[in-house]
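The values are calculated or read from the model by the stated rules, or taken from the named source; none is laboratory data. Predicted model only: the values in this text are computed from it and were never measured. Counting neighbours? That spans all protein chains shown, and the Cβs are built from the backbone with ideal geometry, glycine included.
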Amino acid sequence: MKHLILLGAFILLFSTTGSAETYYITNDVKVNIRTGTGTQYNIIAMLKPGKPVELLERGTEWSQIKLHDEREGWILTRFLTSTEPNYLELKRLRKLHRALATNFPVRLEENKDLIQKINTYQKQNKELRKSYNKSKDEAAGFLELKENYDETALRLSEHTEQIEKLNKELTHKYITAGLCGAGILLLGFIIGFSTKPQRRKTSLL
């Protein structure tokens, strides 16, 4: 029996805690928290607008709440709202603004560094592209030069062969001319030698 009572109490506590929701005091005025559902009950606390509370039981006119110090009391339901009050939202926005204001110079400096890096990379890219185009032109010029060289070398080889051929012909002609000249001299010598005895014989008669 004792275990059943403890189990029931635990279930009740769990269900109560699980159903609790966070509400806020409206932005209008300070609100009295009382010990019961009526203005005749004693005031145990006075909450400022925007103060968060834990809703235990919601009623049409009065609702039971739990304060941050674990005290429980009753409040007029119309002074409760599930929407976060304006001043808390404003406080959060101000905090966000301070964080942004603090981080802005850092982000700005980081952006400057990024812009500088981008400019450097763009400059390097431009130089690389220029170098690439130059190498491409030089390669094209080299190919053209090589083609001209090959053509010139071919022509030179042909001319060399022609010159060698002409030299051979010239040498042959020189030899032929020399032989002809030698033959002429030899023939003249023979003719001259042949005529000399006849002259001697004529002079003897």
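Within the stretch 85-99, does at least one residue satisfy the condition of being touching a residue at least 12 places away in the same chain (Cβ under 8 Å) and assigned to a loop (DSSP other than H, G, I, E, B)?
Yes, the stretch 85-99 has at least one match.
Would you be able to tell me the number of residues in the stretch 21-46 that are free of Cβ contacts under 8 Å to residues at least 60 places away in the same chain and surrounded by 15 or more Cβ atoms within 10 Å (Cβ to Cβ)?
Counting residues in the stretch 21-46 that are free of Cβ contacts under 8 Å to residues at least 60 places away in the same chain and surrounded by 15 or more Cβ atoms within 10 Å (Cβ to Cβ) gives 9.
In the stretch 47-82, which residue that is outside any helix (DSSP H, G or I), in contact with a strand residue (DSSP E or B) (Cβ under 7 Å, 6 or more places away or on another chain) and of a type in the set (Ser, Thr, Tyr) is surrounded by the most Cβ atoms within 10 Å (Cβ to Cβ)?
In this case the residue turns out to be Ser63.
(1) under 30 Å from Pro52 (Cα atoms); (2) part of a helix (DSSP H, G or I); (3) out of contact with any Asp or Glu (no Cβ under 9 Å at 6 or more places or on another chain): which one isn't true of Gln122, the others all being true?
(1)
Specify the residue that is nearest to Leu76 (Cα to Cα); the eligible residues are those in the stretch 1-46 that are among the basic types (Lys, Arg) and at pLDDT below 90.
Step by step, filter the stretch 1-46, then rank; the result is Lys30.
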